[in-house]
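A quick write-up on the structure given underneath.
The values are calculated or read from the model by the stated rules, or taken from the named source; none is laboratory data. It should be emphasised that the depicted structure is a prediction, and the values quoted were computed from it without experimental measurement. Note that each Cβ is placed from the backbone with ideal geometry, even for glycine, and that neighbours are counted across all protein chains shown. When the accessible area is computed, the model is the full protein with side chains, heavy atoms only, and any ligands, DNA or RNA have been set aside. Shrake-Rupley method; radii C 1.70, N 1.55, O 1.52, S 1.80 Å.
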Amino acid sequence: MGYSHRLPGGLQSDSDFWHLLQQREIVQVPIEDRYGKGHGPIGPYVGPDRCQSRFEGLIPNDDELLFDHAFFGMSYHETLQSDPQTRMLLNCAWESIEHVGWDLMALRNSPTGVFIGSQTPSSANWHPLHGPTPHSVGAISLAMLANRISFHFNLMGSSATYCTACSAGITALHAAMHALTTGECARALVGASQYLSSARSSSGFAQLGIIGPDGVCYSFDARANGYMRS
């Protein structure tokens, strides 16, 4: 029995489709839109508070910070002190549960795990200064990125955040698959987050010389000259 498949967009061959994949665009947002003027590179000069590229992969208009704190049972003051990644991940967790069609009541007290990958707490380069409050510890702990989701949905499976630099997301996925295979969890929520809120970390990476000045990642390519933070 023969097999055929239809290529999208009127493409005539697999090679055309492959070429289309290679030409896909990436997110490029001018850093001045978030960090303000004065953080862009000046010729070859890279110093404190100067980024090496004029572009990063940023969510425009701060849409990632839209968060209904009452819906998630958080006070206004706790929300202000929470890591922005916590807000993003809670939103994404809720959307994922809706999309997959899980019953929220059936999830309560179930062996559902949460596995999150993150490079660094946003508080390392963004968090506003506050005195000690009941929310201080939870706001700066990477563990809370996963634990807050488990707490909100009352999930009883494994709950862990993995900080392994650029491999954090795939490490979290690997841990989730292992937990499902061994029976540690009946189901799992897996995610990864990164929030670039200030130029502090970006300028540090720039001084290391690992940022591509043109804001493009040429992975596995002879043109590779660094990477773009996103």
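Ordered from highest to lowest accessible area with the whole protein assembly present and a 1.4 Å probe, VAL100, VAL46 read as VAL100, VAL46.
FRET efficiency for the pair LEU208 and CYS92, taken as 1/(1 + (r/R0)^6) with r the Cβ-Cβ distance and R0 = 45 Å, rounds to 0.90. For the listed peptides 209-222, 137-150, a ranking on the average number of other beta carbons within 10 Å per residue, highest first, reads 137-150, 209-222.
For the pair ALA165 and ASP63, label points projected 7 Å from Cα toward Cβ lie 3.2 nm apart.
Per-residue 3J(HN,Hα) values for region 205-213, derived from phi via the Karplus relation 6.51 cos²θ - 1.76 cosθ + 1.60 with θ = phi - 60°, read 5, 4, 5, 6, x, 10, 9, x, x Hz in sequence order (x marks Gly and Pro).
With the simple spin-label model, which puts each label point 7 Å out from Cα in the Cβ direction, the MET105 to SER136 separation comes to 4.2 nm.
Taking amide hydrogens as placed 1.01 Å from N in the peptide plane, the amide H of ILE31 sits under 5 Å from those of PHE55, GLU56, each at least 5 positions away in sequence or on another chain.
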